[in-house]
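The values are calculated or read from the model by the stated rules, or taken from the named source; none is laboratory data. All values reported here derive from a predicted model rather than from experimental measurement. Cβ coordinates were reconstructed from backbone atoms using ideal geometry, including for glycine residues, and neighbour counts include every protein chain displayed. Quick note on the areas: whole protein, heavy atoms, side chains included, nothing else; ligands and nucleic acids left out. Shrake-Rupley method; radii C 1.70, N 1.55, O 1.52, S 1.80 Å.
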Amino acid sequence: MPVRLLVAVVAAACLLLPAAAAARPLVPADPVPADLVPTGSAGAGRGPAGPADPGAGVSGSDGSGAGGSGSAGPAPAPAWGWPLAGTPPVTRSFDRLPHPYAAGHRGVDLAGSPEAPVLAAGDGVVAFAGWVAGRPLLSIDHAGGLRTTYQPVEPSVAAGLPVARGFPIGVLLAGHPGCSVEACLHWGLRRGEAYLDPVSLLEAPRVRLFPVRRATG
């Protein structure tokens, strides 16, 4: 075969091969089995264990999903409590005196039973535990210049000991003057030399709303 004819045949073949390849339909590649797709691979989509949302499955402290409302957590404990278990009946209430030296009842009497545990009404430090005028007395200093007193109590703590609300500080004794039941706890409250009603510690603060005056003109 002449050389010129051979070169012409080769050149024609080179021109026809790309056109034939372009005309052939594309065949999709075989899908990769799901168990072989690495989880989280870029462009591979989700694997069998991958969550639909990157943030899904992340739980908060209350067990709800991230971004959910959930609960706000436990409410804070109250700062004050009764010095006897439960809600003891008040057998004698506090007298609001006209001046500090007037005669009257400077505290409240709570009905109890002999040897019942007496509890600290709030967080503080034991200021005194002993006898005053022949009566066993215990007092606790609290924040804000407050002092609570408890009598007649056989103390189980000593002065200087920090205590928390509800901590047992002694046991109730019988023999409180004017008590109408088997045993009464006289619970008192002072700020400086001023006597206050200790039951007020357990009352929720009152919120007063005042009208808003709008400027005119």
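For the reader, a short list of remarks on this structure follows.
- Restricting ALA44, ALA66, ALA102 to residues that are at pLDDT 50 or above and among the hydrophobic types (A, V, I, L, M, F, W, C) narrows the list to ALA102.
- Selected residue (criterion: least open to solvent (accessible area, probe 1.4 Å)) from residues of the stretch 147-196 that are free of Cβ contacts under 8 Å to residues at least 40 places away in the same chain, over 19 Å from ASP109 (Cα atoms) and among the aliphatic types (A, V, I, L, M): VAL157
- Once the stretch 128-140 is narrowed to residues that are assigned to a strand (DSSP E or B) and more than 15 Å from PRO83 (Cβ to Cβ), the residue that is least open to solvent (accessible area, probe 1.4 Å) is GLY130.
- Residue check for GLY144: surrounded by fewer than 12 Cβ atoms within 10 Å (Cβ to Cβ) and assigned to a loop (DSSP other than H, G, I, E, B): no
- Residue that is surrounded by the most Cβ atoms within 10 Å (Cβ to Cβ) [pool: residues in the stretch 197-217 that are modelled with pLDDT of 85 or more and more than 13 Å from ARG92 (Cα to Cα)]: LEU201
- Residue match in the stretch 125-136 (condition: over 23 Å from SER200 (Cβ atoms) and touching an Asp or Glu at 6+ places or on another chain (Cβ under 8 Å)): yes
- Scan of the stretch 101-125 for residues that are under 21 Å from PRO78 (Cβ atoms) and open to solvent by less than 10 Å² (accessible area, probe 1.4 Å), ordered by number: GLY107, VAL108, LEU110, VAL118, ALA120, ALA121, GLY122
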